[in-house]
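To start, the structure itself, in structure tokens.
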Amino acid sequence: MADGAAGGGIQVRPRESGFGAEVTGVDLSKPLPPAALAAVRDAFARHAVLSFPDQPLSLDELEAFTLQIGPFGEDPFIKPMPGRPNVLELRREPDEKAPNFGGGWHSDWSFQPAPPSATILRSEVTPPVGGDTLFIDAARAYDDLSDTMKAMLAPLRAIHSAGRPYGAQGMFARETEKRTMEIISSPEADKTHPHPLVRTHPVTGRKALFVSPVYTVGVEGLTDMESDAVLGFLYKHLLQEKYRLRHTWKPGMLLMWDNRCTMHFAEGGYDGHLRVMHRTTVAGEVPV
């Protein structure tokens, strides 16, 4: 859809690349009329990362908006807010020394049999410096591969696991610094699940690379050396500047991204400042 009116009084302003867009003219604190909801869904399919500025939502309203997009996904290994099993509070206090949460390239919960289709994150308190979220357009990165490489990747299945960050011997289990967020390290995280290395988006039909340095631990049928070579090339390809989008937060902003065709990375750089975000996930389908 072209830049401008998108139906239901909504304005959609895509980024120059078409990856990512800002959406205005909508109040997410109220149920969206059918035309407005259809316009949001269309913009989401087209642009994969949507930002909605100036959305002073209560937690009830955040949950209600999430359910308009789809049913809640399951959020493992992180303790949710009291009385809010579907809301995670991503809080980092000014005096915390532990690394910021989300500081590695990943697609949320890709190790699940049916990973979440979307993640919704709203800023409550934003620091004056740092804290940007970076995204990778994994669909355009796939498009740019040679036909020979696409043919080689087509039958491959990547192996996903939460073990590196959340396993019994994972990164969080080994932390020594105090962290406000309660991370639940568990042997359950060491389980593995395979998904197509190239997945097809159920709405757009576009193909995208579905791997990430945090959660992909190998490729079925390949030796460790072969897996490292294939994945190493794909990460180098994906992380090129031309596929990146940088999102800078403002207070009261809601961001929604598509885990089926993107990776993201939470930057730090705000030591000494409070940062509070609230997050929900939308259930997804088994990747194909």
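Rule-based calculations on the coordinates, nothing more; no lab input. As the structure is a computational prediction, the values presented were derived from the model and not from experiment. Reconstructed Cβ throughout: ideal geometry from the backbone, glycine too, with neighbour counts over all protein chains shown.
Mind checking the full-extension length gain between residue 250 and residue 184? Use 0.36 nm per residue of separation minus the Cα-Cα distance, one decimal, nm.
In short, 20.8 nm is gained.
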| field | Under Karplus coefficients 6.51, -1.76 and 1.60, residue-wise ³J(HN,Hα) of segment 19-26 in Hz, glycine/proline x | value | 8, x, 7, 9, 10, 10, x, 9
| request: Could you tell me which of rounded, prolate or oblate describes segment 4-282, using a ≥ b ≥ c as the square roots of the eigenvalues of the alpha-carbon gyration tensor, with rounded for a/c under 1.5 and, failing that, prolate when a/b is larger than b/c and oblate otherwise? | output: oblate
| message | Just to be sure I understand the model, the point goes 7 Å from the Cα along the line to the Cβ. What's the resulting residue 285 to residue 228 distance in nm? | response | 3.7 nm
| field | Nearest-20 debye value, segment 80-177 charge dipole, Cβ charges on Lys, Arg, Asp, Glu | value | 320 debye
| remark: If each K or R counts +1 and each D or E counts -1, the residues other than residue 100 whose Cβ falls under 13 Å of its Cβ total -2
| said: With the cut-off at 1.5 for a/c, could you classify segment 45-124 from its C-alpha gyration tensor as rounded, prolate or oblate? | reply: rounded
| query | Which whole-angstrom value gives the distance between the alpha carbon centres of segment 233-288 and segment 95-110? | reply | 10 Å
| query | From the phi of every residue in segment 254-262, what ³J(HN,Hα) in whole Hz does the Karplus formula 6.51 cos²θ - 1.76 cosθ + 1.60 yield, where θ is phi - 60° and glycine or proline is x? | reply | 10, 10, 10, 10, 9, 6, 7, 9, 9
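So if we plug the beta-carbon distance of residue 41 and residue 13 into 1/(1 + (r/R0)^6) with R0 = 25 Å, what FRET efficiency do we get, rounded to 0.05?
Numbers: r = 17 Å, r/R0 = 0.68.
It comes out at approximately 0.90.
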| remark: The set of residues whose placed amide H lies less than 5 Å from the amide H of residue 22, leaving out same-chain residues fewer than 5 positions away, is 13, 15, 51
| Taking the simple approach of a point 7 Å from Cα along Cα-to-Cβ for both residue 174 and residue 204, what is their distance in nm? | 3.7 nm
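Given 0.36 nm per residue, what is the gain on full extension from residue 271 to residue 150 after removing their alpha carbon distance, in nm? Before the final figure, lay out the partial values.
Numbers: separation 121, 0.36 × 121 = 43.56 nm, distance 4.22 nm.
Value of the extension gain: 39.3 nm.
Quick check on the exposure proxy: order 117, 107, 186 from fewest to most C-beta atoms within 10 angstrom.
On the way: 117 22, 107 30, 186 17.
Fewest-to-most Cβ neighbours within 10 Å comes out as 186, 117, 107.
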| message | Among 70, 286, 40, whose Cα projects farthest towards the positive end of the dipole of the chain, with charges put on the beta-carbon of Lys, Arg (+1) and Asp, Glu (-1)? | response | 40
| query | Efficiency by 1/(1 + (r/R0)^6): what FRET value for residue 143 and residue 191, r their Cβ-Cβ distance, R0 = 45 Å, to the nearest 0.05? | reply | 0.90
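With a Förster radius of 22 Å, plug the Cβ-Cβ distance of residue 30 and residue 74 into 1/(1 + (r/R0)^6) and report the FRET value to the nearest 0.05. Mind dumping the intermediate values first?
Details: r = 27 Å, r/R0 = 1.24.
After rounding, the FRET efficiency stands at 0.20.
Which shape class applies to segment 1-156: rounded if a/c is under 1.5, otherwise prolate when a/b exceeds b/c and oblate if not, where a ≥ b ≥ c are the square roots of the Cα gyration tensor eigenvalues? Don't jump to the answer; show the numbers that get you there.
Numbers: a/c = 1.55, a/b = 1.09, b/c = 1.42.
Oblate is the answer for segment 1-156, as a/c is 1.5 or above yet b/c matches or exceeds a/b.
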